[in-house]
1. Explain nothing, just the number: dipole magnitude of the chain about its Cα centre with +1 on each Lys and Arg Cβ and -1 on each Asp and Glu Cβ, in debye rounded to the nearest 20.
2. Compute the orientation-averaged projected area for the chain from the convex hull of its Cα atoms and round it to one decimal in nm².
3. In a GNM of the chain with a 10 Å cut-off on Cα contacts, which of E212, E144, E298 has the highest mean-square fluctuation?
4. Along the positive direction of the dipole of the stretch 183-230 (beta-carbon charges: Lys, Arg +1; Asp, Glu -1; about the Cα centre), which of T205, Q183, V220 reaches farthest?
5. Work out the length of the dipole vector of the stretch 281-439 about its Cα centre, built from +1 on the beta-carbon of each Lys and Arg and -1 on the beta-carbon of each Asp and Glu, and round it to the nearest 20 debye.
6. Could you pull out every residue, at least 5 positions away or on a different chain, whose amide H is within less than 5 Å of the one on L52? Hs are placed 1.01 Å off N in the peptide plane, and Pro or chain starts have none.
7. Considering the chain as a Gaussian network with a 10 Å cut-off on Cα pairs, which listed residue, A177, A211, A82, attains the greatest mean-square fluctuation?
8. Amide H to amide H under 5 Å from M193: which residues, 5+ apart in sequence or cross-chain, H placed 1.01 Å off N in plane?
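What follows draws every value from the coordinates through simple rules; no lab data is involved. Since the model is a prediction, treat every value here as computed from it, not as a measurement. Counting neighbours? That spans all protein chains shown, and the Cβs are built from the backbone with ideal geometry, glycine included.
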Amino acid sequence: MSGLLIRNGRVIDPVSGMDATADVAVADGRIAAISPSLSAGNADKVIDAEGLIVCPGLIDPHVHLREPGQEDKETIASGTAAAVAGGFTTVCCMPNTRPTLDAPEIVRFVIDRARETAACRVFPVAAATVGRQGERMAETRLLERAGAVGISDDGDVIESAGMMRSVLRATRAAGLAFMQHCQEPSLTRGASMHAGAVSTRLGLTGWPRIAEEIIIERDVRLVGETGCRYHVQHLSSGGSTEIVRIARENGLPVTAEASPHHLLLTDEACLGFDTNAKMNPPLREQSDVDAVRQAVAEGIITVLATDHAPHTADEKQLPFAQAPFGIIGLESALAAYARALIDTGLIDWPRLIELLTINPARLCNLDRDHRGDDALGELRAGGPADITVIDPDHPWTLAADDLAGKSTNTPFLGWSFRARPVASIVGGAVAMSRLAAST
């Protein structure tokens, strides 16, 4: 494999604590050295990263690649093209495919398909119950052995507390984390957006905060009994941040993630019945946005994840109440996170990179403790050369041409941002570059 030298970048690695100007040498798919003033040696490609950030490859633990079964919306190939366009070198895909990722052979299909077609690393998250129906447990241990890196019925909550306790026990025994879609069904039936003044104005059935909070409250108690690692997906309610905070202060293995849209948008984006602002959980009010941002700043929320959810244009053109939930997010995520969290002074770049690299790696067992020399989420000599290069001061506007996936359902088209990934390197190979390279 060809060699690569990245020169004069601001190298940030949250694991080692490094934040300094340095060179990064890559050879044979691995990081050969990190040090000031490295020789180009046998490198046949040199990237001048002066003024840029060089960090571990970004990891998104919550994306929907739609394959198998919904290839009209996205495929593993197109979804990972979107990922590398957004600076991500690893994604973990959710199990709500057709068929569901609830059997070892389907998990292996995704892994094999990714090996053939993906632009970045893909790790499947398998279903907790058969068909994600919440009635019969899937074979968690066999799913883990087949390659699953997490367990979730994402898209649906596990409604039964008894089933949830059994799932948590099985998930812990398999050494994985459980990722919960927190939605109490009886409180959200027929709802299409946040319950508030905007839903009343639009005449739409509202979705209250408590529908998220009550599931987290229940599950935290079950975590206290079972000891399973538990992760709150796409947290949206300010009240939820308090529940997670108390759980973590009590020493429970509870983590949570925030998505770009819940850090930047309120339910007012739904005015005009814009279905690109329809998502699950829904956009809420400014007080919720402020609380979620503050939870990131205080370390209550420790992971950022897009919940990248592609849909066809025809589906999103349905009336608001009938249109599917979800938006895409991979291509614009880093810029959106920087706008919400760095431009506002809440966190700095090393903290943002931690939220996008080692923390999701630890959640999904991709870190050194579980993978040895193949550990992801950090920059170290001998480790995989998964690297993201970021221009922190690169004003740009998101346009349709910037979307590398199959779908365009995002409310961020036309938005201006200041930060942008400019190179994605996967296993030493440049998967995306907006930089000029010299030899």
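1. For this selection, approximately 500 debye.
2. 18.8 nm²
3. Looking only at E212, E144, E298, the largest GNM fluctuation is found for E298.
4. Positive-most Cα among the choices belongs to T205.
5. Values: 13 positive and 21 negative charges, 25 e Å.
The dipole of the stretch 281-439 has a size of about 120 debye.
6. Those lying under 5 Å, H to H, from L52 are R10.
7. A211
8. For M193, whose amide H was placed from the backbone, the distant partners under 5 Å are W207.
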